[in-house]
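Engineer: Here it is, the structure, as structure tokens.
Only the coordinates and a few stated rules stand behind these numbers; no lab work does. Small disclaimer: the values here were computed from a predicted structure and weren't measured. Every residue, glycine as well, gets a Cβ built from its backbone with ideal geometry; the counts of neighbours run over all protein chains shown.
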Amino acid sequence: MNNLQNKIKSLSDLYQSRRQFFRQTVTNLRTLTPWGTKKLREKGQALLDLADRLLQEIAQGSAITVEGGMTNATLRKRYRQLKKTYKALHEMSKPWWRQWIEAVGIALFLALFLRNFVFGLYHVPSESAETTILVGDRIWGNKMAYFFDTVKRGELVIFDDPQFDIDRSSTFHYYWQRYVGLPVPLLGLKMGPANWVKRVIAIPGDTIEGRVENGKTVVFLNGKQLEEPYVNRLPLIHIEREHGFVSMRSFGPFMVPEFLKRGKRVVHRSFDKRFSPEEQPHYKFCTDDIVRNPLTGEPMLDEPFTPTLRDYHGSIADEFGPFVVPAGKYWVMGDNRKNSGDSRMWLFLDEELIHGRASVIIHSLDSDEAFWAFDLLKHPIDFWTKIVRWSRFGTVLKSAEIK
């Protein structure tokens with residue numbers, strides 16, 4: 001009882017010391033907040049009246065509790081009501097700019113927490129997972145998938161670029177790059193690692209090996225050749241794709257960011273020979289966009305299951321191992337083997353870099369732009385009829401059975 005009485009006295013003294021300030025705040029609410037209204041001032045007055053009434057009831061109840069008037073439970077309830085009312089008055093008395101700063105701060109904290117530990121939305125900029133995942137897909141990543149479970153073969157995992165050199169000069173820089181990742185050059189804060197999606201082929205303890213047999217690439221897991229129905233079976237055609245929105249390179253002394261600069265680049269996209277360029281099931285383009293062999297005039301194509309060079313010295317990426325996957329490591333490969341930088345190039349993926357499982361395609365655009373708004377501005381009609389891939393919305397990314 002004495003502890004409750006001390007809490008009540010402390011809160012009552014605090015309220016009495018600020019009561020006049022609260023009352024003045026409610027009176028001048030319109031000048032303190034640009035959105036101040038009569039309804040808001042009425043709410044503040046109601047809180048003041050409630051606090052005064054609760055103080056009076058608590059004072060009377062405390063005096064007669066020993067005589068059996070107000071029970072200890074009722075007194076505790078009044079105390080909690082007064083505490084809640086005081087907090088509401090305290091929040092209302094804050095200047096509008098402080099309320100905005102606190103609201104933005106809380107929103108940013110929640111956004112970072114959800115982004116790093118619950119789920120993530122990922123824009124796919126490369127062809128490494130075709131045709132399971134296409135350039136322009138927006139993927140929902142489940143970051144809670146491995147809180148209580150382990151990574152399994154056949155799953156599409158999302159992870160940080162294993163070749164990225166994170167800044168370890170200070171603890172702050174390390175966590176900024178890993179969990180925030182936004183570059184702020186004026187403050188010396190660098191961009192974080194890119195997020196990649198690959199399929200897990202081998203887990204710790206497995207033996208993995210790659211060979212080229214009869215001109216075709218094959219993978220062996222624990223001595224058994226894998227069938228791999230998820231691997232892209234379409235050839236890759238070389239085409240030119242436009243990107244960017246601004247033709248100028250600078251605005252006065254300010255340089256235009258690279259993702260805004262208008263230009264063209266050669267990309268390698270899955271091509272179904274049964275359809276014309278304009279009717280392709282995955283990427284639509286014009287015949288004029290095709291890059292042709294300067295000697296023959298034929299389209300340049302990379303056929304599936306043919307060897308891929310690891311480097312300019314003729315080393316074949318598809319010939320590797322046999323390796324035993326160490327503890328805490330995984331062997332991952334892109335479904336588009338002809339255009340994927342994966343464990344064939346940099347060996348094992350560290351478990352610590354994995355932060356989720358690719359689960360669902362939220363939406364999809366046949367676009368190479370960094371922001372969908374660029375395409376909408378450049379092609380306001382075709383955006384809805386040709387660029388948006390409506391059929392891919394909500395597509396579930398399933399794990400493959402690898403034994």
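Engineer: Just need the relative contact order of the chain here, percent rounded to a whole number, with Cα pairs under 8 Å and 6+ apart.
Structural biologist: Here the relative contact order equals 18 percent.
Engineer: Also, quick follow-up: For the stretch 202-219, take each phi angle, set θ = phi - 60°, evaluate the Karplus expression 6.51 cos²θ - 1.76 cosθ + 1.60, and give the result in whole Hz per residue in order, putting x for glycine and proline.
Structural biologist: 9, 10, x, x, 6, 9, 10, 8, x, 9, 10, 10, 6, x, 10, 7, 9, 10
Engineer: Positive end of the dipole of the chain, charges at C-beta (+1 Lys, Arg; -1 Asp, Glu), about the Cα centre: which of 97, 185, 341 has its Cα farthest in that direction?
Structural biologist: Final value for the positive-end residue is 97.
Engineer: Relative contact order (percent) for the stretch 128-200, with alpha-carbon contacts under 8 angstrom and 6 or more residues of separation?
Structural biologist: 36 percent
Engineer: Given points 7 Å out from each Cα along the Cα-Cβ axis, report the residue 109 to residue 382 separation in nanometres with one decimal.
Structural biologist: 4.8 nm
Engineer: A further question on this structure: Running a GNM on the chain with Cα contacts under 10 Å, which residue among 111, 129, 145 ends up with the highest mean-square fluctuation?
Structural biologist: Result: 111 has the largest fluctuation of those listed.
Engineer: To continue, here is another question. List the lysines whose Cα sits under 26 Å from the Cα of residue 94, skipping any in the same chain fewer than 8 residues away.
Structural biologist: Answer for residue 94, where 26 Å is the Cα cut-off: 7, 9, 38, 39, 43, 83, 84, listed by chain and number.
Engineer: Percent relative contact order of the stretch 203-337, based on C-alpha pairs within less than 8 angstrom and at least six residues apart?
Structural biologist: The value is 36 percent.
Engineer: Still on this model: What 222 nm value per residue comes from the helices of the chain, counting each DSSP H run with n ≥ 4 as -39,500 (n - 2.57) and dividing by all residues, nearest 500 deg cm²/dmol?
Structural biologist: -9500 deg cm²/dmol
Engineer: Order 206-218, 293-305 from most to least packed using the mean count of other Cβ atoms within 10 Å.
Structural biologist: Order by mean packing, descending: 206-218, 293-305.
Engineer: For a protection proxy built on the mean count of beta-carbon atoms within 10 angstrom, sort 197-204, 268-275, 383-390 highest first, please.
Structural biologist: Ranking the peptides 197-204, 268-275, 383-390 by packing returns 197-204, 268-275, 383-390.
Engineer: Give me the dipole magnitude in Debye, nearest 20, for the chain about the Cα centre, with unit charges on the beta carbon: positive for Lys and Arg, negative for Asp and Glu.
Structural biologist: 2680 debye
Engineer: Mind listing the phi-derived Karplus ³J(HN,Hα) values for the stretch 357-371, rounded to whole Hz, using 6.51, -1.76 and 1.60 with θ = phi - 60°, and x for any glycine or proline?
Structural biologist: Per-residue couplings from phi come out as 10, 5, 10, 9, 8, 6, 8, 8, 10, 7, 8, 9, 6, 5, 10 Hz.
Engineer: Then there's this: If I build a Gaussian network model for the chain, linking alpha-carbon pairs within less than 10 angstrom, which residue out of 23, 292, 153 has the largest mean-square fluctuation?
Structural biologist: Maximum fluctuation in the GNM of the chain, among the listed residues, is at 23.
Engineer: Let me ask another. Which cross-chain or sequence-distant (5 or more) residues have an amide H under 5 Å from the amide H of residue 348, H modelled 1.01 Å from N in plane?
Structural biologist: none
Engineer: For the chain, evaluate the Debye formula with one uniform point scatterer on each Cα (no solvent term) and list log10 I(q)/I(0) at q = 0.11 Å⁻¹, rounded to two decimals.
Structural biologist: Relative scattering, expressed as log10 I(q)/I(0), comes to -0.93.
Engineer: For residue 38 and residue 370, FRET efficiency with R0 = 45 Å and r from the beta-carbon atoms, rounded to 0.05?
Structural biologist: The computed FRET efficiency comes out at 0.45.
Engineer: A follow-up question, please. Of 88, 361, 316, which is farthest along the charge dipole of the chain in the positive direction, counting Lys and Arg as +1 and Asp and Glu as -1 at C-beta?
Structural biologist: 88
Engineer: Please order 369, 279 by the number of other Cβ within 10 Å, starting at the fewest.
Structural biologist: Fewest to most other Cβ atoms nearby, the residues stand as 279, 369.
Engineer: Given Cβ point charges of +1 (Lys, Arg) and -1 (Asp, Glu) and nothing else, what value in debye, to the nearest 20, does the dipole of the stretch 245-403 about its Cα centre take?
Structural biologist: 280 debye
Engineer: Subtract the Cα-Cα distance of residue 118 and residue 18 from 0.36 nm times their separation in residues, and report this length gain in nm to one decimal.
Structural biologist: 31.9 nm
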